[in-house]
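Colleague: This is the structure I have questions about; it appears just below.
The values are calculated or read from the model by the stated rules, or taken from the named source; none is laboratory data. Because the structure is predicted, anything quoted here is derived from the model rather than measured. Positions of Cβ are backbone-derived with ideal geometry, glycine not excepted, and every protein chain shown enters the neighbour counts. The protein model used for the area step is the full one, side chains on, heavy atoms only, and it has no ligands, DNA or RNA in it. Shrake-Rupley method; radii C 1.70, N 1.55, O 1.52, S 1.80 Å.
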Amino acid sequence: MSVSHCLTGDKVAIDAFLDQFDVFLFDCDGVLWSGNHIFPDVPETLDMLRNRGKRLVFVTNNSTKSRQDYKAKFDKAGIQANVEEIFGSSYSAAIYIARILDLPADKKKVYILGESGIEQELASEGIKYCGGTDPNMRRDIEQEDFDALADGSALDPEVGVVLAGLDFHVNYLKLAYGLAYLQRGAVYLATNTDSTLPMSKSFFLGAGGVGAPLVTSFGKEPLSLGKPSQAMLDAVEAKVKMDRSRTCMIGDRLNTDIRFGIDGKLGGTLAVLTGVSKKEEFLADGAETVPAAYVEKLSDLLG
Ligand code: PLP
Ligand code: CA
């Protein structure tokens, strides 16, 4: 049974832990910030790691923003990062669709349940899409829609994939289109399936929560391309040279971040307790997903 070690307050243990790695993969929300609130001393902690010669990579399940949007968020937060160091679940999905999925030539379009981050990342890989932020989809369903969906005349024949992410404008019409494409054989993908979207004092519906009606009605789960999917790690490795045994995943959520690092056979995983998961969950006897170490907050690494 593996045991997680607390690094907070133990300078010797922190140094020994950091020395094991050349690359750190960072989850973003819950580690660097919570929503728009950046945690204290985060830029200083990241600078300390860079000054020690570490390579930093940022890996987020947030599908609503593109890598460019994230770069703007980093700039605003005063965190130094370039676009090549940022990976999101929309990007991971776009890479998977463009480079791994072998779609027939006449079925290459993607129906999106989600926001502009997905559209931008699909466009960056040259993938055609529909749905998404289309204003015509932000309305009540009418009888004509039921009829045209049932006989297929409302559907784009080129759609071969349904990609579900977090959609803040989800409604019956959008879900009905998604279900209709799935019934006609479209490949069912999700950017991520986070059950919740944590905010400082409460939590809201995540991509998994918003996409749940499709899962229930279609009766099958999508293939998810965000953490803990190894497709995300493949997307990172395609751009960042790394030795997995000298790479550490830092995150706040056991079933996405820490699972991602363990499944990827990374050299280490570090849980940060400023987000979703509580230490009781991984310190409990028989816990399934146990990080190698944990800190109360990221800046504890400053010692
Ligand atoms: N999905 C959405 C839409 C989000 O806004 C967030 C956090 O902001 C997440 C997922 C989780 O992101 P991360 O993987 O960085 O914790
Ligand atoms: Ca997180």
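Colleague: What number comes out for accessible area per residue over region 104-224 if the probe is 1.4 Å? Units Å², please.
Modeller: The answer is 49 Å² per residue.
Colleague: Continuing with this model, one more query. Could you work out how far apart the two model spin labels at Ser116 and Gln80 are, taking each label as a point 7 Å from the Cα in the direction of the beta carbon, and quote it in nm?
Modeller: So the two model labels end up 3.0 nm from each other.
Colleague: Another question, then. On a straight-distance basis, which lysines could pair with Lys107 in a cross-link, Cα separation under 17 angstrom, same-chain partners fewer than 8 positions away excluded?
Modeller: Lys128
Colleague: Label-point separation (nm) for Ala16 and Arg138, each offset 7 Å from Cα along Cα-to-Cβ?
Modeller: 5.5 nm
Colleague: In deg cm²/dmol and to the nearest 500, what is the mean residue ellipticity at 222 nm of the chain if only DSSP H runs of at least 4 residues count, each as -39500 (n - 2.57), divided by the residue total? Mind dumping the intermediate values first?
Modeller: Details: 11 runs with 96 residues, N = 303.
Calculated from helices alone, the mean residue ellipticity at 222 nm is -9000 deg cm²/dmol.
Colleague: Next question. Taking H placed 1.01 Å from N in the peptide plane, check which residues at least 5 places from Tyr294 or on another chain put their amide H under 5 Å from its amide H.
Modeller: Answer set, sorted by chain and number: His5, Cys6, Leu7, Ala271.
Colleague: Going down the table (Lys71/Lys297; Lys73/Lys174; Lys65/Lys109; Lys65/Lys297), which pairs top 27 Å between alpha carbons? Walk me through the numbers before you get to the answer.
Modeller: On the way: Lys71/Lys297 23 Å; Lys73/Lys174 29 Å; Lys65/Lys109 20 Å; Lys65/Lys297 25 Å.
Flagged as over cut-off: Lys73/Lys174.
Colleague: Right, next: Cβ under 9 Å from Ser63's Cβ, Ser63 left aside: what net charge do those residues give with Lys, Arg +1 and Asp, Glu -1?
Modeller: Numbers: positive: Lys65; negative: Glu115, Glu121.
With Lys, Arg at +1 and Asp, Glu at -1, the net is -1.
Colleague: Would you please name the chymotrypsin sites (Phe, Trp or Tyr not before Pro) within region 134-231 that are DSSP coil residues with at most 16 other C-beta atoms within 10 Å of their C-beta? Walk me through the intermediate numbers first.
Modeller: Numbers: sites: Phe146, Phe168, Tyr172, Tyr177, Tyr181, Tyr188, Phe203, Phe204, Phe218; in loops: Phe168.
Passing both the DSSP loop test and the Cβ count: Phe168.
Colleague: Here's another thing I want to ask about it. Would you look at the GNM of the chain, springs on alpha carbons closer than 10 Å, and say which of Ser34, Ser66, Ser89 moves the most?
Modeller: Ser34
Colleague: Taking θ as phi - 60°, what are the ³J(HN,Hα) couplings along region 297-303 by the Karplus curve (6.51, -1.76, 1.60), each to the nearest whole Hz, with x for Gly and Pro?
Modeller: 8, 4, 5, 4, 5, 5, x
Colleague: Still on this structure, please answer the following. Extending each Cα 7 Å along its Cβ direction at Gln230 and Lys201, get the distance between those two points in nm, one decimal.
Modeller: Once both label points are built, they end up 4.4 nm from each other.
Colleague: I want to verify a result. In a Gaussian network model of the chain, Cα cutoff 10 Å, which of these has the top mean-square fluctuation: Ala292, Ala148, Ala271?
Modeller: Ranking Ala292, Ala148, Ala271 by mean-square fluctuation puts Ala148 first.
Colleague: OK, next. How large a share of the accessible area of the chain, in percent, is made up of carbon and sulfur atoms when the probe is 1.4 Å and the other protein chains stay in place? Display every interim value, and only then the final one.
Modeller: Working: 7080 of 13620 Å².
On the chain, the fraction of accessible area on carbon and sulfur atoms equals 52 percent.
Colleague: Normalised by the number of residues in region 104-224, what is the relative contact order in percent for Cα pairs under 8 Å and 6+ residues apart? Could the numbers behind the result be given before it?
Modeller: Working: 209 pairs, mean separation 30.6, N = 121.
Worked out over region 104-224, it gives 25 percent.
Colleague: Turning to a different aspect of this structure: Using a Gaussian network model of the chain whose springs link C-alpha atoms within less than 10 Å, name the residue from Ile97, Ile127, Ile86 with the highest mean-square fluctuation.
Modeller: Ile127
Colleague: Quick one: if the Förster radius is 41 Å, what FRET efficiency do Asp41 and Gln183 give, using the C-beta to C-beta distance and rounding to 0.05? Before the final figure, lay out each step's value.
Modeller: Working: r = 51 Å, r/R0 = 1.25.
The computed FRET efficiency comes out at 0.20.
Colleague: While we're here: Just how much of Val187 is accessible, in Å², when a 1.4 Å probe is used and the result is rounded to the nearest 10?
Modeller: About 50 Å², rounded to the nearest 10.
Colleague: Still on this structure, please answer the following. Count charges around Thr274 for me, please; just the other residues with Cβ under 15 Å from its Cβ, Lys/Arg as +1, Asp/Glu as -1.
Modeller: Values: positive: Lys201, Arg253, Lys278, Lys279, Lys297; negative: Asp27, Asp29, Asp41, Asp252, Asp257, Glu281, Glu296, Asp300.
Here the count lands on -3.
Colleague: Could you please state, rounded to a whole Å, how far the C-alpha centre of region 47-83 is from the C-alpha centre of region 220-267?
Modeller: Measuring centre to centre over Cα atoms gives 17 Å.
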